[in-house]
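Where a number appears in this text, it was derived from the coordinates with a stated rule and is not lab data. Being a predicted model, the structure only gives us computed values, none of them experimental. Cβ coordinates were reconstructed from backbone atoms using ideal geometry, including for glycine residues, and neighbour counts include every protein chain displayed.
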Amino acid sequence: MSITKSPSAKAITILCVLLLAYTLTGYHASAAWIRGISSNFDLHNFTEKPVNDLELTLGGITVNDIVRLYAGDLARRWIPHVEEGNREITITWTAPEGAYLEPCQWLHLGLSLRPSAPEVLHSKATWTLDGEPVGTIAFVWQNWDDNPEGVVDIIIPPSAFPAVPGTGRPDPLIVERRVAFSEALIPLDNLTQDDPMVRKLVWSEVLHVDTLTPDSQPSEMLILWPSDGEGAVLVQYTVTLESTDKVEAVFTNQARVLLHAAR
């Protein structure tokens, strides 16, 4: 069942983010402009089969909106191929011949989009074996927006959900978000949950929790930036299947922002 945030709950979320920002620097932001975004995703092969392809579809953008693709650790030799369809793109990462991602292993992938790229409208990700679907991934995309008060973090439910085992019913997704700030932009290659550059940041406690279903609407979280100049805001969120209570994906996303603040 989807959680509907009351006005008071939303206010508490905004206040928590503001208090974190003020604690770190003592400034209150008055405006922020998004200058570019990066997204890294650590995905778990939760199936009981080895897989050798990952297919990711993102609606609303084109091939020209992609600045760079990233593959880390086990995915270093996985080859990406991008196809453009009707107002959507599909990125397929394919393992080298004879190589597989075994059950319970994780794959680290990512991408950067150009600053003027439109919002992603929907997302769908699938593990495949030799091109045949094996399992739907709990892939929750995040968009960024700006307003006079700060940066808005927006998560959107995927267009396809993993199924509750043995039922075929969509499995609700539990999404927990936390925030960090950085004076310097972290390179896409380092934007993983266990990278030293990410781990040394001062991360908040969990500030926002959503339960997503196929009927859920996008969920917004306002982040008030605490300082002048150019920097980065990061949101890290875990995606857990409600039926198993297991973390199936971890996203570490970054927005490069130009900021003006009043002391």
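A DSSP coil position with no more than 12 other Cβ atoms inside 10 Å describes the following GluC sites (Glu not before Pro) in segment 148-220: Glu183, Glu205.
Here segment 155-170 and segment 62-116 have alpha carbon centers that stand 22 Å from each other.
Legend: ranking of residues Val120, Val202 from fewest to most surrounding C-beta atoms inside 10 Å; resulting order Val202, Val120. In terms of surrounding Cβ atoms within a 10 Å radius of their Cβ, Thr57, Thr244 rank from fewest to most as Thr244, Thr57.
Between Val67 and Cys104, what is the FRET efficiency for a Förster distance of 30 Å, r being their Cβ-Cβ separation, to the nearest 0.05?
0.40
As a proxy for reagent exposure, Leu258, Leu54 were ordered by neighbouring Cβ count within 10 angstrom, fewest first; the result is Leu258, Leu54. Computing FRET efficiency as 1/(1 + (r/R0)^6) for Thr213 and Arg114, where r is the C-beta to C-beta distance and R0 is 35 Å, gives about 0.65.
With a sphere of radius 11 Å drawn around the Cβ of Thr128, what net charge do the other residues whose Cβ falls strictly inside it have (Lys, Arg +1; Asp, Glu -1)?
Local net charge: -3.
A cut-off under 11 angstrom between Cβ atoms defines the neighbours of Ser159, and their net charge, with Lys, Arg +1 and Asp, Glu -1, is 0.
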